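Where a number appears in this text, it was derived from the coordinates with a stated rule and is not lab data. It should be emphasised that the depicted structure is a prediction, and the values quoted were computed from it without experimental measurement. FYI the Cβ positions are ideal-geometry reconstructions off the backbone, even for glycines, and counts take in every protein chain you see.
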Amino acid sequence: MTKIKAAITAVGGYVPETKLTNADLEKMVETNDEWIRTRTGIEERRILKEPGKATSDLGTPAVQELLRKRNIDAKEIDCIICATVTPDMMFPATANIIGDNIGATNAFGFDLNAACSGFLFALTTGASFIESGRYKKVVVVGADKMSGIVDYTDRATCILFGDAAGAVLLEPSTDEDGIMDSLLKSDGIGKNYLYMRAGGSLKPASVETVLAKEHFIHQDGQPVFKFAVKGMADVSAELLERNNLTGDDIAWLVPHQANLRIIDATANRMGLSKDKVMINIQRYGNTTAATIPLCLWDWEKQLHKGDNIVLAAFGGGFTWGATWIKWAYNS
Ligand code: UT7
């Protein structure tokens, strides 16, 4: 029996209207546009500013867009996986809230937490559901309202992050195209360098944790940078090698957008020229689980059936990985 393959058959995305530019940040913390551009590549980010709005309000329109594009009803969806580190609430899962918003009454759903690698981990999980033959339509959402956990007095982190969502639909492939291979990795040592200290079972929320600003992201930038450069480049090279591919075979690299310097290092290691690398960090910053589907959303019209695409990520945990896709449609 031939193995069932999962293919991405539609892409949706959503970014909020409000822009937070480097010039805006110069008024908020001791920083400057030149430092931010040269150290990160970021020029502006989008912020979900309206009170009462949450990660599900980013994910919902992204999923609605892909349903419209694929011309299917929400009731046809079997499963929704939402990759996020900023769920609307600790529970229930944001995937369930998105499902309720869109009327996906036949779907089960859950959240998956693998920080900036969340979309890749969720994509691989969703693909396995399709490959099992049990499910026909799986929605994978990467959504994060990072502004909800950023300390806008901490210049080391507040310049980095933005809010956004991207989503893909996975269906059984009708031919040889689809998700070909994935290499995913984790190392719990990351808990020392990139974390939110309080709000979990280790340190439940209290007046003290709020006063100590322990409900915000903390990142030791330099060690994370070193791990990220090595992790993302190594895993991408290993994925190519084990599939007998070289940079020449690859149409596009879709890297997690944390820092332009990390992206460049990964592309160099894979032997890819810059015109094969999707980069939109300048417009959106680091949107955590949303960066990769947001790139696919931005570049969808330039993708051709059969294109070899490598998705690569590195994030908190640490988590990292790479996925090889043969793009399944022309839009
Ligand atoms: O997506 C999840 C995974 N995360 C990542 O991959 C992020 C990895 N890390 C990075 O991208 C970089 O480490 C950062 C962009 C976060 C920081 O860049 P860096 O080149 O590692 O800077 P640094 O932290 O070593 O700081 C260099 C200097 C310091 O000043 P001194 O000690 O040299 O006087 C900082 O205080 O830059 C200073 N600095 C700033 N200056 C202006 C730190 N933040 C800022 C700022 N504006 N916003």
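Remarks
- For Tyr329, nonlocal amide neighbours, meaning residues 5 or more places apart or on other chains whose placed amide H falls under 5 Å from its own, are Lys305, Gly306.
- Working from Cα pairs under 8 Å separated by at least six residues, relative contact order for the chain is 25 percent.
- Amide proton proximity set for Ser173, modelled H, under 5 Å, gap of 5+: Lys5, Ala6, Ala7
- D_trans [Stokes-Einstein, Kirkwood Rh over alpha-carbon pairs] for segment 6-176, 20 °C, 1.002 mPa s, µm² s⁻¹: 128
- Sorting Phe119, Phe227, Phe161, Phe108 by the number of Cβ atoms found within 10 Å of their own Cβ, with the fewest placed first, yields Phe108, Phe227, Phe161, Phe119.
- Listed from fewest to most Cβ neighbours within 10 Å, the set Ser117, Ser206 follows the order Ser206, Ser117.
- Amide H contacts of Gly109 (H built 1.01 Å from N, under 5 Å, at least 5 apart or other chain): Ile80
- Out-of-range pairs (alpha-carbon distance over 19 Å; input Lys27/Lys53; Lys75/Lys301; Lys185/Lys226; Lys49/Lys145; Lys75/Lys137; Lys136/Lys301): Lys27/Lys53; Lys75/Lys301; Lys136/Lys301
- Once C-alpha pairs closer than 8 Å and six or more residues apart are averaged by separation and normalised to the residue number of segment 180-326, the relative contact order reads 35 percent.
- Paramagnetic reach from Lys136 in segment 160-181 [backbone N under 20 Å; point 7 Å along Cα→Cβ]: 168-179
- Between the alpha-carbon centres of segment 56-90 and segment 287-331 there is a gap of 17 Å.
- Shape class of the chain from the alpha-carbon gyration tensor: oblate, with a/c at 1.5 or above and b/c at least as large as a/b.
- The alpha carbon convex hull volume per residue for segment 171-316 rounds to 147 Å³.
- Applied to segment 105-110, the Karplus parametrisation 6.51 cos²θ - 1.76 cosθ + 1.60 on θ = phi - 60° returns per-residue 3J(HN,Hα) values of 6, 9, 9, 9, x, 7 Hz, with x for Gly and Pro.
- Hits among aspartates and glutamates - C-alpha to C-alpha of Lys213 under 13 Å, sequence gap 8 or more where chains match: Asp151, Asp154
- 3J(HN,Hα) couplings calculated from phi for segment 268-273 with the Karplus curve 6.51 cos²θ - 1.76 cosθ + 1.60 (θ = phi - 60°) are, in sequence order, 4, 4, 8, x, 9, 7 Hz; Gly and Pro show x.
- Using a Förster distance of 56 Å, the FRET efficiency for Asp249-Ser206 (Cβ separation, nearest 0.05): 0.55
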